[in-house]
Amino acid sequence: MSVASFSFAASYAPPSTAVSKINSYRGYSELTDAASGMDIDQYTYNMTTWQIANGGFDKAHADKYKSAYTGGAKSSWTAKGGGDLGTIDNNATVQEMRLLAVRYKATTNSNYKSAFKTSFNKAVNFLLTMQRSKGGLPQVWPKRGNYSDQITLNDNAMIRAMVTMMDIANKTSPFDSDIIDDNTRSKMKSALDKAIDYLLKAQIVNDGKLTVWCAQHDTNSLAPVGARAYELASKSGSESAGAVWFLMNWPEQTEAIQKSIKGAIEWYKKTRVTGLYFNKKQGRFEEREGNVLWYRFYEVNNDNYFFCDRDGASTKTQDFTKISEERRTGYQWAGDYGTALISTEKSYLEALAKMDDSYVPPPPPSAMCESDTCTTYIDGVNFIDIQGVKEANNAGFVGEGYANVDNSTGSYVTYGVTAFKEGKYTLFISFANGGGSARGYSVSAGDKTLLADGSMESTAAWTTWKVQSIEIELPQGYSELKFTSLSKDGMANIDYIGWMSEDLKAGEVEIPRTSIEAMHTERKTQQGNRYFVDFNRNANGAGVYFMRGNGKTYRVNGKTIREY
């Protein structure tokens, strides 16, 4: 297929969360922030003078680009045989390519335009040249003579480069201009195919099951390899997520890609740890209700996590207290690397199903009160008042959306209910709390506190909904239930409030009033005499009444009977 007619298949639409994750790899704000206050084209031109002869750029040079290169080393790293090294570490080179493409389209200065195009194509050649024959991308080029020469997923280096390669191949903005010719664009597509093939083949297999990846893999054998002394060959809980997000965005969902994604998600499910939080600042693991984490390193051949000090393999341990304080506080040993992947699995499987013409959308979810469908529920967006907004961004909710109160103490949302009878009622609240800890709330009606210290636990993702029950006591009649945040983070998002009682209704409704009649005939009374109780239905005033057969009605007050 010629590049002129090349486009990705449209039959597969990746989940929105996957798209959002990949978008985060397209940024170049480090450069535009540094350029703030100066002419952006001048800044970009200065940047081209810092480009290394092989077409790459060094990392952390954003501030240096404020001035043109005047001499000295252009890179902080030196090649094995001498000379400057280009790198894709920390978004280097690929972010420069994006800015060059943006300014090439926007500038009206012909000299700048020519310089930007030349620089961009040198960078393209850098990516094509640094790629190894089996498809992997190392951290640096030329070779540095250490772990940097290995294929590098660490800090998403290879994945960021692959996203840029994908956008160039598919003419995605800002690469949708003549900054690159069709022949070179075709080479980029071929290079990308090889990179994906490498990624699929490098995925670690345990007991016949696909798992995840190491932060570095050998160029030729594809085996997991170490980097710095405390970064041993391992399965990486952190870097592997980026690989899955890329594959989930790839429009050609081959059987191999689907198996790769599903295998990785199953691994994240299997290794998830709940109720634990890594406090990097304090250098310790802490129990924290609702928190979810994965470790940075796991054994290659099993799922045992480990830590390591600067002295290398001899210090490998599962006892975090045995590594030095400097390493405990100086490295991100754990984090929430997989929750978003797990919560996106359902959307991914649905996206695959939609590629089949026989796909039938599932019915909308029901409002559940424990194991039963709620008799009545209030949609989260049907509030009376809110300090916050209605939303429908996070999938999985029931109805039209959910209530998202402001992240502040005292933020609130209010719903109206009518109790036909005074008494206790059980409410079921569906909520999502993607924060790392529980969020407290209270419930009140007017001046009366119905629940002082409610708590909505972390659900680990804003697309994961849970239902909790609370019991409140209501007077007969209409009440406005005010849910109020007790912390600066606000409350969880409220999807719905449901219940099973027939005596509680949503909103303000009229309580039906009935008369209970008791026929009573005595020998000394006329036929048709009767007593009855009126609950104000007939506007007579609630009370007990006596109606004679002649039609006269009397109200009974204690021992007195008065004509009404």
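The values are calculated or read from the model by the stated rules, or taken from the named source; none is laboratory data. This is a predicted model, so every value here is computed, not measured. Because the Cβ atoms are built from the backbone with ideal geometry, glycine has one as well, and the counts that use them run over all protein chains shown. Please note that ligands, DNA and RNA were not included when accessible areas were found on the heavy atoms of the full protein model with its side chains. Shrake-Rupley method; radii C 1.70, N 1.55, O 1.52, S 1.80 Å.
Taking the stretch 277-295 as the range and being open to solvent by 20 Å² or more (accessible area, probe 1.4 Å) and either among the acidic types (D, E) or outside any strand (DSSP E or B) (or both) as the test, the residues that pass are K280, K281, Q282, E286, E287, E289.
Could you tell me which residue of the stretch 96-126 is nearest to the chain's Cα centre (by Cα), considering only residues that are farther than 12 Å from T44 by Cα and part of a loop (DSSP other than H, G, I, E, B)? Out of the qualifying residues, it is T108.
Okay, residues lined up against (1) farther than 18 Å from L31 by Cβ; (2) buried (at least 19 other Cβ atoms within 10 Å of the Cβ); (3) modelled with pLDDT of 95 or more:
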site: T93; (1), (2), (3): no, yes, yes
site: T107; (1), (2), (3): no, no, yes
site: N111; (1), (2), (3): yes, no, yes
site: F116; (1), (2), (3): no, yes, yes
site: N121; (1), (2), (3): yes, no, yes
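All of G416, G399 fail the test of being assigned to a loop (DSSP other than H, G, I, E, B), crowded, with 16+ Cβ neighbours inside 10 Å and small (G, A, S), apart from G399.
Contact map, the stretch 450-465: first residue in contact (Cβ under 8 Å) with a residue 24 or more places away in the chain, second residue hydroxyl-bearing (S, T, Y) and assigned to a loop (DSSP other than H, G, I, E, B), Cβ cut-off under 7 Å, separation 6 or more or different chains; pairs are S458/S437; W465/T459.
Confirm whether K280 is more than 18 Å from I159 (Cβ to Cβ), in contact with a helix residue (DSSP H, G or I) (Cβ under 8 Å, 6 or more places away or on another chain) and not hydroxyl-bearing (S, T, Y). Against the criterion (more than 18 Å from I159 (Cβ to Cβ), in contact with a helix residue (DSSP H, G or I) (Cβ under 8 Å, 6 or more places away or on another chain) and not hydroxyl-bearing (S, T, Y)), K280 qualifies.
Taking first residues from the stretch 407-435 that are among the acidic types (D, E) and partners that are open to solvent by 10 Å² or more (accessible area, probe 1.4 Å), the Cβ contacts under 9 Å between residues at least 6 apart in sequence or on separate chains come to E422/E473; E422/P475; E422/Q476; E422/G477. When T129, T93 are screened for being under 21 Å from K189 (Cβ atoms), of a type in the set (S, T, Y) and under 33 Å from the mean Cα position of the chain (by Cα), only T93 passes. Could you please find all residues in the stretch 419-435 being open to solvent by 10 Å² or more (accessible area, probe 1.4 Å), more than 23 Å from T459 (Cα to Cα) and not in a loop (DSSP other than H, G, I, E, B)? Hits for the stretch 419-435 are G423, K424, Y425. In summary, N493 fulfils each of the numbered conditions (1) in contact with a strand residue (DSSP E or B) (Cβ under 7 Å, 6 or more places away or on another chain); (2) modelled with pLDDT under 95 with the single exception of condition (2). Scanning the stretch 60-108 for residues that are touching a Ser or Thr at 6+ places or on another chain (Cβ under 9 Å), hydrophobic (A, V, I, L, M, F, W, C) and more than 21 Å from M158 (Cα to Cα) turns up A68, V102.
Among the residues of the stretch 386-394, is any crowded, with 17+ Cβ neighbours inside 10 Å, closer than 22 Å to I265 by Cβ and not small (G, A, S)?
Keep residues of the stretch 386-394 that are crowded, with 17+ Cβ neighbours inside 10 Å, which gives 386, 388, 394.
Narrowing the set further to residues that are closer than 22 Å to I265 by Cβ leaves 394.
In the following step, the residues that additionally are not small (G, A, S) were identified as 394.
Scanning the stretch 386-394 turns up at least one residue that is crowded, with 17+ Cβ neighbours inside 10 Å, closer than 22 Å to I265 by Cβ and not small (G, A, S).
With the structure loaded, tell me whether A351 is of a type in the set (A, V, I, L, M, F, W, C) and closer than 30 Å to S430 by Cβ or whether it fails that test.
Yes.
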